[in-house]
Amino acid sequence: MREYLLTLCITAAVTYLLTGPVRKFAIVAGAMPEIRARDVHREPTPRLGGIAMFFGLCAGLLAADHLTNLNEVFTKSNEPRALLSGAALIWLIGVLDDKFEIDALIKLGGQMIAAGVMVMQGLTILWLPIPGVGNVALTPWQGTLLTVALVVITINAVNFVDGLDGLASGMVCIAAAAFFLYAYRIWYSYGIEAAAPATLFSAILMGMCLGFLPHNMHPARIFMGDSGSMLIGLVLAAGAISITGQVDPDALALFTGSEKAAVHQTVPVYIPLLLPLTIIAVPAADLVLAIVRRTWRGQSPFAADRGHLHHRLLEIGHSHSRAVLIMYFWSALIAFGALAYSVNSASMWIVLGVVFLSAIGLVLLLLPRFTPRAPRWAEHFVPPRYRRRRAAAAAVATSPPAAPVEDESRTPVSAGVNGASAVGARSRLLDGRNAGTSR
């Protein structure tokens, strides 16, 4: 555990220290897009934060390679090298997209090639644990297709929630923390060495996100861009692929009595990881809803709009920071709820706790709809938002009409990074159909 924590700290420190110079480089390089209609920030902000995150990844892998115990991960498995190869390719595509806005099909092809590179080096799904059946071996083609699909889905699921300051990096950090605890339990408690690479990947991913978050929290000084969002999505998918398709339930059968019992014990986490991950269920839900919404309107599934979950939270009345914290809450509830259920699926207290916390989350989610109003005698003792609005309504009724709003459609707006699909094209002109609202 000490070596994992040391690797995490080194990754976080390198990412944090490099983000400042990368911000200056992004400004000099002109990677500062103007504001789009669907963006929630109000000032042009540099991107290319993925450069610092990639070097943090490299520093974490290099440090782990020189540690006594973690060095065995590199000697007994080729998965760290496979991760680095795929990450370098997807990061390079993201950097080019952040600067030059490459075509959507090229980005999609790059994501598939990066996944294929990892498959060629051994990071692939070999079998699936199916409840009631046991281990189901996959053919090379089936494993390759499933691995590529999981990588592409996870990358775009992470990228779809990159719409508010600190949202994507924070949610992935929460997911990586839950995943680390699960993988470490498989590796340390059961002594299964095949889970060590996934444990290392999740520790490094936490360091990348923690090092970048201080620069990305509201108001953000830099965005990670597609170079960062696609990178952390690929690292998260690599960990899921490693532990889902590489750890054999036969090894767990020594502790549970049979292979079917072992599969049943791990199914609360194993099976949801494939569609694509329980720990990023909120981004995955946002991805599915976005595709359905845009297809229903006759648009491309990757056409950007303001219909994402974080946009809806802002429309309800939540502030920027509160919307981010609510998304954090739901991500943590789903991720750690699944983790707790996988440890002891027979405990009713876990289910009741998840239900109770879900009720609290719903109340917090709908809180702006139920803003209380203080009685007249207490209006002088409460904040203005809780006072009755009769006087304000009378003032509005007697005030002159507001000046007409200038037509925004005449102002060209170039593409930014927040909320963009990892494979979607970015419009350079304000388009009401793409923006989703008249804002």
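How do Arg312, Arg47, Arg2 rank by accessible surface area computed with a 1.4 Å probe, from largest to smallest?
Arg2, Arg312, Arg47
Determine, for each peptide in 234-244, 99-109, the mean count of other beta carbons within 10 angstrom over its residues, then list the peptides with the highest first.
234-244, 99-109
Apply the Karplus curve 6.51 cos²θ - 1.76 cosθ + 1.60, θ = phi - 60°, to the phi angles in the stretch 107-116 and return the couplings in whole Hz, x for Gly and Pro.
Going residue by residue, I get 5, 4, x, x, 4, 5, 5, 4, 5, x Hz, with x marking Gly and Pro.
Between Tyr188 and Trp141, what FRET efficiency comes out of the Förster formula 1/(1 + (r/R0)^6) with R0 = 35 Å and r the beta carbon distance, rounded to 0.05?
Computed FRET efficiency for Trp141 and Tyr188: 0.55.
Need the full-extension length gain, Val351 to Asn71, defined as separation in residues times 0.36 nm minus the C-alpha distance. One decimal, nm.
Full-extension gain reported as 96.9 nm.
Taking the Cβ of Glu72 as the centre, find all other residues whose Cβ is under 12 Å away and add up their charges (Lys, Arg: +1; Asp, Glu: -1).
The answer is -2.
Please work out the FRET efficiency for the pair Asn344 and Met1, using the Cβ-Cβ distance as r and a Förster radius of 22 Å; give the result to the nearest 0.05.
Computed FRET efficiency for Asn344 and Met1 comes out at 0.55.
Would you mind calculating the gained length between Cys58 and Lys99 on full extension (0.36 nm times residue separation, minus the Cα-Cα distance), in nm to one decimal?
12.5 nm
So for each of 196-207, 148-159 I average, over its residues, the number of other beta carbons within 10 Å; can you give me the resulting order with the highest mean first?
So the peptides 196-207, 148-159, ranked by packing, come out 196-207, 148-159.
Write down the radius of gyration of the stretch 94-216 and its Dmax, each obtained from C-alpha positions, in Å.
In Å, with Rg to one decimal and Dmax whole: 16.7, 50.
Looking only at Cα atoms, what is the convex hull volume of the stretch 202-241 per residue, in Å³?
Spelled out: Cα convex hull of the stretch 202-241, divided by residues, is 56 Å³.
Go through 85-98, 110-123, 170-183 and give me the packing order, highest mean Cβ count within 10 Å leading.
170-183, 85-98, 110-123
Can you work out the Karplus-derived ³J(HN,Hα) for every residue in the stretch 326-340? Use 6.51 cos²θ - 1.76 cosθ + 1.60 with θ = phi - 60°, whole Hz, and x for glycine or proline.
The phi angles translate into 5, 5, 4, 4, 5, 5, 5, 4, 5, 5, 6, x, 5, 5, 5 Hz.
Compute the FRET efficiency between Arg81 and Val363 as 1/(1 + (r/R0)^6), taking r as their Cβ-Cβ distance and R0 = 60 Å, and round to the nearest 0.05.
Between Arg81 and Val363 the formula returns 0.80.
The values are calculated or read from the model by the stated rules, or taken from the named source; none is laboratory data. Note that this is a predicted model, so its numbers are computed, not measured. Using ideal geometry, Cβ is built from the backbone for each residue, glycine included, and neighbour counts are taken over all protein chains shown. Just the protein is used for accessible areas: all its heavy atoms, side chains included, with ligands, DNA and RNA removed. Shrake-Rupley method; radii C 1.70, N 1.55, O 1.52, S 1.80 Å.
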